Amino acid sequence: MVQSINMAGIRTAWTLLTQPSLLRPDIVVSDIRALSWDKLRSRGIRFLVFDKDNCLTAPYASQIHPPYASAWTSCLKEFPDRVLIVSNSAGTNDDPDFQAARAVEKALGARVLRHIEKKPRCGREILQALQASPGEVAVVGDRLATDVVLANMHGMTSVWVQNIVSRRGDNLVAAALRDAEHAAYRMATRLG
């Protein structure tokens, strides 16, 4: 699948210059195995939104990353019919006839959002699809500038997954931006 330029991300970059706090995650975990369903529920979370590439699967793959299989099964059990996958590849206009979205749904057992706006600008589409209020939703992903900003811009809980599944096959621009995000986060946490 060829991924087009993320114009929503580019437009949001200007916002981040004046509101850098949008990049600050509410929760930081190593990967999805470190998520506590009880802690999320205690925060009022009823719905989970997951990024796909490098959070659940290898880039552009449909199958769950094998070490994450148990955590993913537990998630689907703990939040039945309340898990949504939101990708900037599968389910977008870059996905002809939503073939990738259907393959991911079949492989992962969760619905993939079909959306026009890419992350971080698709918050309204997410809330509408879930029929949820922002405070009931947590967004889990590996990118500060897309996943975390998406959650923070729309009043949802942001969960940043620091460890990615694989660099192999990753979008080169996304990989470079992720590296820059990690470096900026390390610097910001050292400075306080």
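The values are calculated or read from the model by the stated rules, or taken from the named source; none is laboratory data. Given the structure is predicted, the values throughout are model-derived calculations rather than measurements. Reconstructed Cβ throughout: ideal geometry from the backbone, glycine too, with neighbour counts over all protein chains shown. Accessible surface areas use protein heavy atoms only, side chains included; no ligands, DNA or RNA. Shrake-Rupley method; radii C 1.70, N 1.55, O 1.52, S 1.80 Å.
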**OP:** For segment 133-139, just list the computed ³J(HN,Hα) in residue order, Karplus coefficients 6.51, -1.76 and 1.60, θ = phi - 60°, integers in Hz, with x standing in for Gly and Pro.
**Re:** 8, x, x, 8, 10, 10, 10
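Which entries in the list Lys52/Lys106; Lys77/Lys119; Lys77/Lys118 go over 24 Å, if you measure between the two C-alpha atoms of each?
Distance filter (> 24 Å) returns Lys77/Lys119; Lys77/Lys118.
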Subject >> Near-label residues of segment 120-150 by backbone N, under 18 Å of a point 7 Å along Cα→Cβ of Arg46 >> reply: 124-139
Subject >> Surrounding net charge for Asp26, when Lys and Arg each add one and Asp and Glu each subtract one, Cβ distance under 12 Å >> reply: +2
Original post:
Along each of its three principal axes, how wide is the spread of alpha-carbon positions in segment 34-189, in whole angstrom units, largest first?
Top reply: 40, 34, 31
**OP:** At 1.4 Å probe size, with no ligands or nucleic acids counted, give the accessible surface of Val148 in Å², nearest ten.
**Re:** 0
Original post:
Per residue, what accessible area does segment 14-82 have, given a 1.4 Å probe and all protein chains present, in Å²?
Top reply: 53
Subject >> Distance (nanometres) between label positions extended 7 Å along Cα→Cβ at Gln131 and Arg114 >> reply: 1.9
Original post:
Near Asp53, within a Cβ-to-Cβ distance under 13 Å, what is the net charge of the other residues, with Lys and Arg +1 and Asp and Glu -1?
Top reply: +1
Original post:
Antiparallel as a % of all DSSP beta bridges within the chain, to the nearest 5?
Top reply: 0
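Summarise the accessible area of segment 49-115 (1.4 Å probe, protein heavy atoms) by the percent that is carbon and sulfur. Intermediate results must be reported in sequence, preceding the final value.
Values: 1430 of 2800 Å².
That share works out to 51 percent.
So, counting K/R as plus one and D/E as minus one, what does the shell of residues with Cβ under 15 Å around Gly169 add up to?
+1
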**OP:** Mind giving me the FRET efficiency for Arg190 and Ser30? R0 is 22 Å, r the Cβ-Cβ distance, nearest 0.05 is fine.
**Re:** 0.70
Original post:
Residues with amide H under 5 Å of Phe50's amide H, sequence separation 5 or more or different chain, H placed in the peptide plane at 1.01 Å from N; which?
Top reply: Leu84, Ile85, Val86, Val140
